[in-house]
1. Identify, from the list ASP286, ASP272, the residue that is among the charged types (D, E, K, R) and in a helix (DSSP H, G or I).
2. Please work out which residue is least open to solvent (accessible area, probe 1.4 Å), limiting yourself to region 225-248 and to residues that are of a type in the set (A, V, I, L, M, F, W, C) and farther than 18 Å from ARG274 by Cα.
3. Quickly run through region 377-406 and pick out the residues that are in contact with a Phe, Trp or Tyr (Cβ under 8 Å, 6 or more places away or on another chain), in a helix (DSSP H, G or I) and open to solvent by less than 70 Å² (accessible area, probe 1.4 Å).
4. Taking the stated definitions as given, is VAL36 open to solvent by less than 20 Å² (accessible area, probe 1.4 Å), assigned to a helix (DSSP H, G or I), modelled with pLDDT of 95 or more and on the phi < 0 side of the Ramachandran plot?
5. With (1) open to solvent by 70 Å² or more (accessible area, probe 1.4 Å); (2) modelled with pLDDT under 95; (3) of a type outside the set (Phe, Trp, Tyr) as the list, and ARG350 as the residue in question, which single condition is left unmet?
6. Mind telling me which of the residues SER90, SER123, SER164, SER142 ends up being open to solvent by 60 Å² or more (accessible area, probe 1.4 Å) and among the small types (Gly, Ala, Ser)?
7. In region 284-299, is there at least one residue being among the β-branched types (Val, Ile, Thr) and more than 30 Å from VAL236 (Cβ to Cβ)?
Amino acid sequence: MNVSIFGLGYVGVVSAAALAEAGHTVVGVDTNLTKVEMINAGRSPIIEPGVEDLMARGVGAGRIRATTDAEDAILATDVSVICVGTPSASNGSLDLTQVQKVCQEIGLAVASKSTRHTIVVRSTMLPGSTDDVVIPALEHASGMKAGEGFQICYNPEFLREGTSLADFADPPFTLLGAADEAAAEAGRALYASVSAPVIVAPIGVAEMVKYACNAFHATKITFANEIGNIASAMGVDGRQVMHILTQDTKLNISPAYLRPGFAFGGSCLPKDLRALGHQAQRSDVDVPLLSALLRSNAGQVDRALRMIADAGSKRVGVLGFSFKAGTDDLRESPLVELIERLIGKGYAVRVYDRNVSLAHLQGANRAYIEREIPHIASLMAATVDEIIEASDTIVIGNADPSFARVAADTAGRRVIDLVGIKTDGELGPGYQGISW
């Protein structure tokens, strides 16, 4: 393909070198004349292992050149990749000035083309930026509508300094945010030489994935540091602790738990976090991330309460209130807390959980209900249909498959899903997920 790359900083230079090595013809565009001259001389304007060699090889083979002329680059190529910077403003917000300026330049040049042009955005931007900034700037400058004279694809980069060429050649996936299949197909062709699964998603999802990944990386670093600091204060080698932790690829390093939903509970997580926090205080170790987990967890209960209040009805049914489907364990169940707070606010609440019935419970769980929440026991219904009949707002509290029909057929009710219940068909018009 003939590709123009706007912005010859770190991402732009690495992308140019790697795409040329894959056989594409690349035109780099930048306002910095020094960068343009270095590339045309076969030199890399950035320091990165292997890039200088690829740049020299690409220029020598006639597959890479650079220019300050945006129109020249657009007319010579079919695809433009935007790699300009999106720095932080003084208040932490994102500065998209460079993106907007480049889109105006591209739009003006695209207006004189007779063939459709593809614009691939690699610059890191928050969800909504493509729709609110990129597309309007291109449409205004070109006089064309997105999807007609040009098409847009958002393609976040996941390049680490020091290993960028390896990351480019062997990524875990190639993510394309596209509004239509034609734009996605252009993105696929650009990375045809890369052996990695291609994931096509809505543009906003692709924009958010980049931030989610970086936030997760920062969280992992901070988590390891805080655990290491507590371990060290207790005479334990934190490196060994984390090395063993990462050997668990079923729960620790895996998709397990990494899904939006309701608050955590049960007999382990809250108790162990409190004990760890107490030990950190005793050891005079500051652990702001770990300390924030229970507070953030409580905020998810608050979020559910606001959603129920916004539904506007005082008749509320809760389907499932053990802390996990398939169990009868109510210890520190956030659903129990949600129910108690609803009762305290004057809601008429009914609850159902086929695994929680006083007629069948024995031992600690029966004693817990009779001692701690006897008032909830009096609100328990025998069937899902009883809940449906008695409620205007229904809360799905765990992933019991029998609750799926309620999400599919809301029948004029508001259904608030806290777990992401799986259904075979469409969701009802009254359905609302807590984080989706």
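1. Answer to the check: ASP272.
2. First, pick out the residues of region 225-248 that are of a type in the set (A, V, I, L, M, F, W, C): 227, 230-231, 233-234, 236, 241-242, 244-245.
Within this subset, residues satisfying the condition of being farther than 18 Å from ARG274 by Cα are 236, 241-242, 244-245.
Details: VAL236: 70, VAL241: 58, MET242: 34, ILE244: 115, LEU245: 49 Å².
By that ranking, first place goes to MET242.
3. Here is the first cut: in region 377-406, the ones in contact with a Phe, Trp or Tyr (Cβ under 8 Å, 6 or more places away or on another chain) are 380-384, 386-387, 396-398.
Subset that is in a helix (DSSP H, G or I): 384, 386-387.
The answer is VAL384, ILE387.
4. Numbers: open to solvent by less than 20 Å² (accessible area, probe 1.4 Å): yes; assigned to a helix (DSSP H, G or I): yes; modelled with pLDDT of 95 or more: yes; on the phi < 0 side of the Ramachandran plot: yes.
The answer is yes for VAL36.
5. Going through the list (1) open to solvent by 70 Å² or more (accessible area, probe 1.4 Å); (2) modelled with pLDDT under 95; (3) of a type outside the set (Phe, Trp, Tyr), ARG350 breaks only (2).
6. Selected residue: SER90, the only one of SER90, SER123, SER164, SER142 that is open to solvent by 60 Å² or more (accessible area, probe 1.4 Å) and among the small types (Gly, Ala, Ser).
7. So the first thing to find is which residues in region 284-299 are among the β-branched types (Val, Ile, Thr), and the list is 285, 287.
After this cut, where a residue has to be more than 30 Å from VAL236 (Cβ to Cβ) as well, the list is none.
No - not one qualifying residue is present in region 284-299.
Here's the yes/no breakdown for (1) at negative phi; (2) among the hydroxyl-bearing types (Ser, Thr, Tyr); (3) exposed (fewer than 15 other Cβ atoms within 10 Å of the Cβ); (4) assigned to a helix (DSSP H, G or I):
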site	(1), (2), (3), (4)
THR327	yes, yes, no, no
GLU337	yes, no, no, yes
VAL356	yes, no, no, no
ALA367	yes, no, yes, yes
ALA411	no, no, yes, no
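The values are calculated or read from the model by the stated rules, or taken from the named source; none is laboratory data. Keep in mind it's a predicted model, so treat the numbers as computed, not measured. Reconstructed Cβ throughout: ideal geometry from the backbone, glycine too, with neighbour counts over all protein chains shown. Remember, those area values only see protein heavy atoms, side chains included, never the ligands or the DNA or RNA. Shrake-Rupley method; radii C 1.70, N 1.55, O 1.52, S 1.80 Å.
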